[in-house]
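Please read the structure below before turning to the comments.
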Amino acid sequence: MNESEVLQDLLKEVEASKRLTVTNKDDNDKIVKRLEGEIEDLKRSNDSLSRTLNAFITQTMPLNRINDFEIPSESDVLSLNVGGTKMEVLRRTLTSIPSLLETKFSGQWDKNLPKDSKNRFLLEEEPEIFIALINYLRDHNRMLPSGSQCPKLPSFATDDKSQKFIRMVEDYDLAYHCWPFDMLRFGPQGVLSTVKNSMHTRIVQQEGCSYYMLQRKRPDNRRVHSFETQVHLTDNCVWIKIGWMKYGIDKVTGAMSQGSEIYLDVYESMIATIDMESDGPWPTELEAKINVPEAANLTIRCANRGAEWYINGELVAETTGRMSALSSGEQDGEFGWHPFMCFEGTMSFRLIQMELEYIE
């Protein structure tokens with residue numbers, strides 16, 4: 001190969017290198033443009049997310065008073081107009097117990113609640129009765145957190161005012177606090193322990209035992225009409241009965257005076273009764289065979305004073321009149337029909353609802 005040919009080859013390589021450089025530059029330009037486009041897309045997406053977030057905050061935080069950036073505080077002083085009587089109370093007083101009253105004055109609904117011409121919250125309650133409730137809540141706030149006793153309830157000069165106070169307490173969903181249900185845990189030696197204010201409390205038990213839901217005495221003597229409990233069964237649970245028992249507790253000795261029973265037997269799939277108010281022996285009598293789902297979790301409702309029985313929301317049996325037939329001279333108050341639960345083995349349960357008799 002002569003020098004001329006070598007020079008021609010070198011020129012060809014140079015031209016090829018130039019073309020490769022141009023091609024790489026074009027590719028780089030395309031990559032840069034694509035990345036710039038993606039960055040613009042991300043910016044637009046970010047702007048859209050920002051607008052969505054701002055709209056969400058505006059719609060879901062009315063309680064934070066967005067206009068003046070103030071968040072409701074427990075130390076807020078609320079001005080009230082109660083039946084024409086002006087009063088002031090701390091927000092934490094009205095919201096100290098989970099209830100409808102607590103929800104109403106949580107701050108979330110401040111702008112929607114009715115107010116008078118002076119912008120005071122307007123309540124159509126009798127002043128004397130509502131003030132009694134406020135004082136009760138104040139006493140509750142002063143008690144030690146570990147204290148198991150509820151404050152003393154107010155007394156009134158007339159039965160009419162007492163009944164109005166009861167109705168108002170129930171309207172605000174405070175009845176279970178004012179007249180709570182004590183869950184008594186029994187063993188062979190009598191009362192083993194007491195679970196105070198036991199609504200919604202999950203109880204885990206690993207031995208044979210009995211639980212009885214005893215209502216604190218109410219001024220209107222209303223009895224339990226229906227109750228509902230959730231149970232979680234294990235392979236170690238041998239048997240379980242849920243229903244009603246007529247009994248009372250001796251305040252001095254703690255001994256239980258036991259009467260008749262009407263109950264749902266989960267493992268025997270039946271509703272049964274035991275009449276212990278007649279001369280013995282007291283055999284178990286079958287009232288109805290039922291279908292019990294093969295499940296670890298069951299919701300059992302005993303309704304209408306022993307007349308209706310539900311499992312997981314379905315009516316499984318009706319035993320209308322059996323509780324009355326088992327009663328002889330039933331008394332109101334602490335001795336009488338109360339919810340109960342007996343079992344042997346390992347299980348857990350919680351009481352989720354309890355309803356009282358309705359009085360016209």
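Per-residue surface analysis assigns residue 73 an accessible area of about 40 Å², computed on protein heavy atoms at 1.4 Å probe radius.
With 0.36 nm allotted per residue and the present C-alpha distance subtracted, the residue 119-residue 140 stretch has 4.7 nm of extension available. Among the protein heavy atoms, those of residue 354 account for about 0 Å² of accessible surface (1.4 Å probe, every chain in place). Computed with every protein chain present, the accessible area of residue 75 is close to 70 Å² [probe 1.4 Å].
In this structure, the residue pairs whose Cα-Cα separation is over 31 Å, taken from 152/246; 104/161; 111/152; 118/152; 161/241; 152/241, are 111/152; 118/152; 161/241; 152/241. Between residue 315 and residue 234, the simple spin-label model (points 7 angstrom out along Cα→Cβ) gives 3.7 nm. A full extension of the chain between residue 304 and residue 111 corresponds to an added length of 65.4 nm, given 0.36 nm per residue minus the alpha carbon distance.
The values are calculated or read from the model by the stated rules, or taken from the named source; none is laboratory data. Predicted model only: the values in this text are computed from it and were never measured. Quick reminder, even Gly has a Cβ in these numbers, built from the backbone with ideal geometry, and neighbours come from all protein chains shown. Areas reflect the complete protein model, heavy atoms only, side chains present, ligands, DNA and RNA absent. Shrake-Rupley method; radii C 1.70, N 1.55, O 1.52, S 1.80 Å.
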